[in-house]
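Just so it is clear, none of the values below were taken in a lab; they were calculated from the coordinates. Keep in mind that this is a model prediction, so the values were computed, not measured. Here the Cβ is made from the backbone with ideal geometry for all residues, glycine too, and neighbour counts use every protein chain on show.
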Amino acid sequence: MATKPTNEEIAEILEQIADLLEVQDANPFRIQAYRNGAETVRTANDSIAKVAREQGEAPLQALPNIGKGIARLINSFVGNGHSAVLQRLQGESVPGQIFTQVPGIGEKLAQRIARELNISTLEELEQAAHDGRLQRVEGFGSKRVRNIRVSLAGLLSTAARRARRRAGSEKEPREQPDVAMVLDVDKEYRRKAESDQLQKIAPRRFNPEGEAWLPILHTERDDWDFTALYSNTAQAHKLDKTHDWVVLYYERDGTEDQATVVTETQGPLEGKRVVRGREAECRRLYKQEQVAA
């Protein structure tokens, strides 16, 4: 009996990603990388899924045309049955997926947390578990919240971080583009979206008519590959921010992460575009620009 997913199924995921990138006018070298990776997986003698489950990402990277990013994607697809990259390109990113790592939180509860609390990291979940917000979410009584606090303490402990680094799932230090670069991509995206210069996709979430309304941008800065889209979360729709909040996914040399850029509504940065979680860096940047002017 063939190990699931089969090599053919993994190759098809890589080819779907390549096809979507091509339709969306992405970097041709990035498109070809996925196609080459698909061919390597399809023609491999061994079960790629078996290798990933037993040995992780390292042996996958030893295969021709399989770099860090594709190896991580394959490992994730083998482990949980879906590809965040593919979902993102389809406009169908599942909110709160990371919360399913916590014992006692399934997919429905994870999505409810992301939707109602508008959070996206384990660190933010830990804070919500301690400040009372999590207990106000349906399905989270005091006992469950206490258990989640204990689980998160282990997941986020220094020892656990070291273990994840040894396993290759977390790097130290974590590389990221500077805020000036992120804000520049945000500016390019909003300018091109407003002037109708971008390919549009039809997100499956909050879009019963199947309308292709969501502009998508693929661009590069200093070897970083960026994908930018307006936020299609429940919170963005609720607050009428679907054309203000911009989510930027970035990748370089196997490092993948995301940032959200919004228009600040209060404080010293009111009216300015700000990268969430990096407000101090934004303040310094705007102050430098003011001095230079």
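Set Lys and Arg Cβ to +1 and Asp and Glu Cβ to -1, take the dipole of the chain about its Cα centre, and tell me which of PHE77, GLN24, ALA202 lies farthest positive.
PHE77
How large is the translational diffusion coefficient of the chain in µm² per second when you combine the Kirkwood radius over alpha carbon pairs with Stokes-Einstein at 20 °C and 1.002 mPa s?
Value of D from the Cα-based Kirkwood radius: 103 µm²/s.
Could you give the size of the charge dipole of the stretch 29-147 about its Cα centre, using +1 on the Cβ of each K and R and -1 on the Cβ of each D and E, expressed in debye and rounded to the nearest 20?
Details: 16 positive and 12 negative charges, 30 e Å.
Dipole of the stretch 29-147, to the nearest 20 debye: 140 debye.
Between ALA153 and ALA202, how high is the FRET efficiency from 1/(1 + (r/R0)^6) when r is the Cβ-Cβ distance and R₀ = 41 Å? Nearest 0.05.
Working from the Cβ atoms, E equals 0.50.
Return the distance in nm (one decimal) between the two label points of a simple spin-label model at SER195 and GLN90, each offset 7 Å from Cα along Cα→Cβ.
Label at SER195, label at GLN90, 3.3 nm between them.
Could you check the spin-label model distance between GLU22 and HIS243? Points 7 Å from the Cα along Cα→Cβ, value in nm.
For GLU22 paired with HIS243, the spin-label model returns 3.3 nm.
On full extension of the chain, what length is gained from LEU122 through THR3, given 0.36 nm per residue of separation minus the C-alpha to C-alpha distance?
Details: separation 119, 0.36 × 119 = 42.84 nm, distance 3.16 nm.
Result for the pair: 39.7 nm of gain on full extension.
Place a +1 charge on the Cβ of each Lys and Arg in the chain and a -1 charge on the Cβ of each Asp and Glu, then give the dipole magnitude about the Cα centre in debye, rounded to the nearest 20. The partial results should precede the final answer.
Values: 43 positive and 45 negative charges, 267 e Å.
The calculation lands at about 1280 debye.
Excluding same-chain pairs closer than 8 in sequence, count the lysine pairs in the chain whose Cα atoms lie under 27 Å apart.
Lysine pairs, 8 or more places apart or on different chains, close enough: 26.
When the chain is fully extended, how far beyond the present Cα-Cα distance does GLU138 get from GLN61, taking 0.36 nm per residue of separation?
Difference between extended and current length: 23.5 nm.
Once the piece of chain linking GLN32 and LYS287 is laid out straight, how much longer is it, given 0.36 nm per residue of separation minus the C-alpha distance between them?
87.6 nm
Which one of VAL41, PRO268, THR121 has its Cα pushed farthest toward the positive end of the charge dipole of the chain, where Lys and Arg give +1 and Asp and Glu give -1 at the Cβ?
THR121
If I model a spin label as a point 7 Å beyond the Cα along the Cα-Cβ vector, how far apart are those points for ASP46 and ASP131 in nm?
With each label placed 7 Å out from Cα toward Cβ, I get 4.7 nm.
Sequence gap at least 6, Cα distance under 8 Å: using those rules, report the relative contact order of the stretch 191-293 to the nearest whole percent.
Reported relative contact order: 13 percent.
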